[in-house]
Amino acid sequence: MLRKSFVVVAAALALTTAGIGSQAMREAQASECAAGEKIDNSTADTAKKKMEAAGFHQIHDLQKGCDNFWHGKADKDGVLVNVVLSPQGQAMVEGN
């Protein structure tokens, strides 16, 4: 009986460790893509122009994610907001 319990515990531990390893591997793969990297050939300058055309001002701290979304901070109607630009060119307050 003790041996059977040991096998069950060992199997559960192996599955848990494999899950943690898989998560670490996914995180490592995601970190291989540096923010600001020119993944889809868009640039911070073009992202800033599109954000300005959408009514955002004083845009700064632009960084690009691996998903090709540009993230930054900007003034919108006198309020400092987090702004995001989608790969399709839609600028919006982040979180909306």
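Just so it is clear, none of the values below were taken in a lab; they were calculated from the coordinates. Note that this is a predicted model, so its numbers are computed, not measured.
Need the full-extension length gain, A53 to L80, defined as separation in residues times 0.36 nm minus the C-alpha distance. One decimal, nm.
Stretched fully, the A53-L80 segment lengthens by 8.0 nm.
Quick one: Karplus J couplings for the range 79-94, per residue in order, coefficients 6.51, -1.76, 1.60, θ = phi - 60°, nearest Hz, x for Gly and Pro?
Per residue, the Karplus-derived 3J(HN,Hα) values read 10, 6, 10, 8, 10, 9, 10, 6, x, 7, x, 8, 9, 7, 5, 5 Hz.
Subtracting the Cα-Cα distance from 0.36 nm times the residue separation, let me have the gained length for K73 to V93 in nm, one decimal.
Here the answer is 6.3 nm.
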